[in-house]
Amino acid sequence: MSRLLAYLIRFAVILIGYIVASLAASAFLNILFLASLGYSPDQTHPTATASLYFSIPFVALFVAYFGFMPAAIVILISEILGRRDWLFYALAGGVVAAVFLGFVHQNADADFDVTEPRAIAAVIGCGMVGGIFYWLAAGRWAGSWWKSEAPISPGPSGS
């Protein structure tokens with residue numbers, strides 16, 4: 001029963017980490033969009049700030065939806081290998097974003113395709129930010145739920 005509880009707790013932590021990563025990537029994408037329009041923090045109008053309260057969670061839904069399958073594979077790999085370093089998650093987030101861009105380029109219509117190099121770099125950067133925030137929320141304990149606490153000692157020799 002204890003093992004089942006550990007699985008459920010780790011699954012909840014992974015889910016919370018994915019939500020945090022999606023929100024962080026969305027926030028970074030919104031900030032990049034505002035910066036590309038020429039807004040700076042001291043010039044921000046109150047309506048732009050209020051719109052972020054709606055747009056960040058809304059865009060996070062799309063980030064979470066489109067990045068789910070590649071991110072699930074990366075999370076599974078990190079749990080099996082027990083990877084706990086932030087650089088792995090940052091690079092993995094960039095790979096997840098690149099896989100998304102490749103999928104969109106191959107399967108989407110021309111209106112949805114991202115072809116401008118700055119936009120491609122922004123999406124990959126958002127994936128890297130999401131990966132770092134996943135590491136902060138859940139990745140630092142990857143693989144800890146399935147590894148035994150005490151080392152297994154060999155049996156008595158000579159029998």
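What follows is calculated from the coordinates using simple rules that are stated; it is not laboratory data. As the structure is a prediction and not an experimental result, all values here were calculated from the model. Glycine gets a Cβ as well: all are built from the backbone with ideal geometry, and neighbour counts include every protein chain shown.
Listing for the model above:
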item	result
Histogram of C-alpha separations across the stretch 1-79, 5 Å bin width, %	3, 14, 19, 18, 14, 11, 9, 6, 4, 2, 1, 0
Axial C-alpha extent at least 20 Å, average Kyte-Doolittle at least 0.0 - helices from the chain (DSSP)	2-36, 46-66, 86-107, 117-137
Stokes-Einstein D for the chain, Kirkwood Rh over Cα pairs, 10 °C, 1.306 mPa s (µm²/s)	91
Gain on full stretching of the segment that runs from Tyr65 to Thr49 - 0.36 nm per residue minus C-alpha separation	3.3 nm
Fluctuation leader among Gly17, Gly82, Gly102 - the chain, Gaussian network, Cα springs under 10 angstrom	Gly102
Computed over the chain: relative contact order in percent, which uses C-alpha pairs under 8 Å that are six or more apart	37
The stretch 73-92 residues near the modelled Leu136 label - backbone nitrogen below 18 Å, point 7 Å along Cα→Cβ	84-92
Sites excluded, chymotrypsin sites (Phe, Trp or Tyr not before Pro) in DSSP loops with at most 13 other C-beta within 10 Å, longest stretch of the chain	1-111
Candidates Val114, Val99, Val129: whichever shows maximal mean-square fluctuation once the chain is modelled as a Gaussian network with Cα springs under 10 Å	Val114
For the stretch 14-69: relative contact order, % (alpha-carbon pairs under 8 angstrom, 6 or more apart)	60
The stretch 84-113 versus the stretch 121-138: alpha-carbon centroid distance in Å	11
Phe33/Leu87 FRET efficiency (R0 30 Å; Cβ-Cβ; nearest 0.05)	0.65
